[in-house]
Amino acid sequence: MGFAALLLTICAAAPASAADAAMPHSEVLITNATILTATHGRIEHGSVYVRDGKIVAVGTNVKAPKSAKVMDAGGRYLTPGIIDAHSHSALDGDVNEATSPVTPHMMMADAFDYQDEDLYHSLAGGVTTSLLLHGSANMIGGQAVVIKHRFGKGRDEMLFAGAPRSIKFASGENPKRVYGERDQLPSTRMGNFAVQREALQQAREYLRDWDAYDAKVKRGDKDLTPPHKDLKLEALADILRGKLLVQIHCYRADEFQTEMAMAREFGYKVRAFHHALEAYKVPEKLAAEDVAIATFADWWGYKEEAWDAIPWNAVMSMRKGVRVAIKSDSDDFARRLNQEAAKMMRYGGATEEEALRMVTLNPAWIIGVDDKVGSIDVGKDADLVLWSAYPFSTFALADIVMIDGDTYFDRSAKGMGMPQVAAKEGN
């Protein structure tokens, strides 16, 4: 049986329409829950009142109108939705535009396959928000897309409204291998940074030309010819303008320092280093510049840059003031990021709240949406997960996943199937 036929078979047991996949309730009162807030500890026998997709009240004595739908948690654990700060899901294989080492004008939104079943698998694991990044073939890759896992909705409805723009850089083995195998620049680490520096210098000159033009226009000069508009240089200029959050694939401690020095040279900020397996060697330097890391729990040895990886990296860096997120970089690991966070309690003794923040509030900060999601606080989006057991147990399953107060996954629902979506052609 082909995938399309299998998907249609599964969907036959699922809700009758995509609209039924998310059952909107303008008011929901979740009661009798063990709430892990991610910001102000654990609340036993707690309640959360949700109205119009927002968290209105949290505590042990929450009151709500009689019109609110009541959901008795039965003592189960309630957490914020899990946030994945490094994903390539649903990009339909179009992760790397490897025809040039500098492609900042590529838009991952243009490759976003909103019907990809991996988005549903992540949703079933409690993931509510993901940053979908360009790959690591390029020193300066394309611009990311931020989504909410409203699986079954339309493409535009899955985009995270108002999320800042991010761009992917990459240093180290990957770009030097991709272009080195073609005998073209860059084929060394020196070449990597030379290419990046040259691109940023071009952006600086482009920005200078446009600033000079705009200044003349303001002075009232007439008959001016504007500089040529270039999408690639415009994207690079937005890095210097501070309009793009810079997310960098980088493993080695020496390269962290080179990347941060280049950022200082050209006047932009590094938001986070991704993978960052040697962060434990220079955590003070990262913390001093408020650079976060999105790292693996315990991946190591799969490439030269990963030989010095240790499972204590995340907690050691956190103890030195680094904001740490645990991310997937894998459609498989994305389904159980709660267990990846649990490993941090085992390796280094992270507290319950610290581990929870590594897959909620900290990745939300990396993405730039921590004012909207990442914790159970009044005013934030009602992205919530009700778990079958203690969330950091290997036995825990996401029973109910809510996004903006609407239920998008309910393990008890008939068939436990995916919401109905159109079958993909060619599968």
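Read-outs: derived from the displayed coordinates by stated rules, not from any lab. Small disclaimer: the values here were computed from a predicted structure and weren't measured. In this analysis, Cβ positions are derived from the backbone assuming ideal geometry, glycine residues included, and neighbour counts consider all displayed protein chains.
Across every direction, the projection of the convex hull enclosing the Cα atoms of the stretch 275-405 has a mean area of 8.3 nm².
Tally Lys and Arg at +1 and Asp and Glu at -1 over the other residues with C-beta under 15 Å from the C-beta of Ser67: what net charge comes out? Net local charge, Ser67 excluded: +2.
The stretch 174-224 and the stretch 303-364 have their alpha-carbon centroids 35 Å apart. In the chain, helical runs assigned H by DSSP with n ≥ 4 each contribute -39500 (n - 2.57); averaged across all residues and rounded to the nearest 500, the mean residue ellipticity at 222 nm is -8500 deg cm²/dmol. In the stretch 173-293 the Cα-Cα distances spread across 5 Å bins starting at 0 as 2, 10, 17, 17, 17, 14, 9, 6, 4, 3, 1, 0 percent of all pairs.
When every Cα-Cα distance of the stretch 338-398 is counted in 10 angstrom steps from zero, the calculated P(r) takes the values 23, 48, 28, 1 percent. Annotation: Cα Rg of the chain relative to the compact-globule expectation 2.2 N^0.38 Å equals 1.03.
Taking a ≥ b ≥ c as the square roots of the eigenvalues of the Cα gyration tensor, the stretch 163-233 is classed as prolate, since a/c reaches at least 1.5 and a/b is larger than b/c. Counting other Cβ atoms within 10 Å as a rough exposure proxy, the listed residues His40, His149, His121 run His40, His121, His149 from fewest neighbours to most.
Within the chain, DSSP assigns beta bridges of which about 50% are antiparallel (rounded to the nearest 5). Spread over its residues, the convex hull of the C-alpha atoms of the stretch 283-353 is 94 Å³ per residue. Neighbour counting of Cβ atoms within 10 Å sorts the residues Ser26, Ser330, Ser171, fewest neighbours leading, into Ser26, Ser330, Ser171.
What is the fewest-to-most order of Val58, Val282 by other Cβ atoms lying within 10 Å of their Cβ?
Values: Val58 22, Val282 19.
The order, fewest Cβ neighbours first, is Val282, Val58.
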